[in-house]
Structure formats: C-alpha cells, structure tokens
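The structure appears below as structure tokens.
Each reported figure results from applying straightforward, stated rules to the coordinates on display, with no laboratory input. Computed from a prediction, not measured in an experiment: that's the story for all the values here. Using ideal geometry, Cβ is built from the backbone for each residue, glycine included, and neighbour counts are taken over all protein chains shown.
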Amino acid sequence: MNLKAFFLPVAVLLLFASCNESGEYYAYRQIDQSLWYRDSVQYFSFDSISVNPLSRYKIDIEITHNNTYPYRNLWLLVGNDLRDSVMRYDTVRFFLSDSEGKWYGGSVGGLHQLTIPYKRNVQLDTATLYRFAVEQLMNDDPLKGIEKIGLKISTD
C-alpha cells in the first residue's frame, strides 16, 4: 500500500477534526527528525468561533517524546495572546519522568505521550483569533528526542 495514499486522507481528517462541535481544539506540530532547535518556535492559532463565551476552558500542552530524550524535565517558553493582542510569555518547567527515570503519561513502542496542564479557568471570546507559541529552553541545541508538541483546549 502506498503510504501517501494512506496518510493524506488521515491528515485531512485530522485537519477538519482539530476543532469539533464541543469547542475542543487539538493541534500537533511534528518536530523534524526529533531534533528541536532552539530557534524553531512551534506556532498554533485557534479560531474561537465555536467556543461558548459562558464556558470556562483549560489549555494543556501535549508532549510526545522517544527513549532518546536525555532528561527528566523540559523547560519551555510558552506565549499566548489570551487577554488581548499582545503576546505574553511564561517560562514553564515540566517533568517528563520521576526521580527513578519512569516516564509519566502513556507509552507505546518507545514513544511516550504526556498531557501537561498549562492554563485553567480561561474564558474565551467568540470573535478572537488566539495565538500560541512554544519553544524549548534547554541547553541542548538541538534537543534530541522530542517527537511532537501539541496544544489542547477543552472545557474545564
């Protein structure tokens, strides 16, 4: 079976499913060859047309990494324009494993996926295009082992 014939319909389906009827949004950015360079900022934009302005939302960072990731933590610079059109940045430290080296989250075939809380109790406007930026702040450049970075917005 031709891999392009398989992955193209799946990619299109994921594109249309990224924002569903319940106001949830999922988006992932693949890190090329699992080498995340410090100047390779991962951008996400979220059209809030489908959100309920009376609901509260939670925002999570999704991380998929492989067994070559050398650390138990990950420092990120996460920017957003949730309050107005000005990007505001948070420096955040996430733990990917415990002190014994056991990876948090789910694991399959050498890949580990972890959902990490970023913001809670966020109110969104229906007439705004929200932007997010995520970049790695680790000393390694490139940082090995990160496969994908994602953003998930769902009702709180």
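A few points about this structure:
- Label-to-label distance, residue 156 versus residue 129, with points set 7 angstrom from Cα along the beta-carbon direction: 2.7 nm.
- Residues residue 140 and residue 88, FRET efficiency given R0 of 30 Å [Cβ-Cβ distance, rounded to 0.05]: 0.70
- Aspartates and glutamates with Cα under 14 Å of residue 119, excluding same-chain neighbours fewer than 8 positions away: 60, 62, 81, 90, 156
- Global form of the chain, assessed from the alpha-carbon gyration tensor, a/c cut-off 1.5: oblate
- MRE, 222 nm, helices only [DSSP H, n ≥ 4, -39500 (n - 2.57), over the chain, to nearest 500]: -3000 deg cm²/dmol
- Gain upon complete extension [residue 108, residue 68; 0.36 nm per residue less C-alpha separation]: 13.0 nm
- Between residue 148 and residue 40, full extension at 0.36 nm per residue minus the direct alpha carbon distance yields a gain of 37.6 nm.
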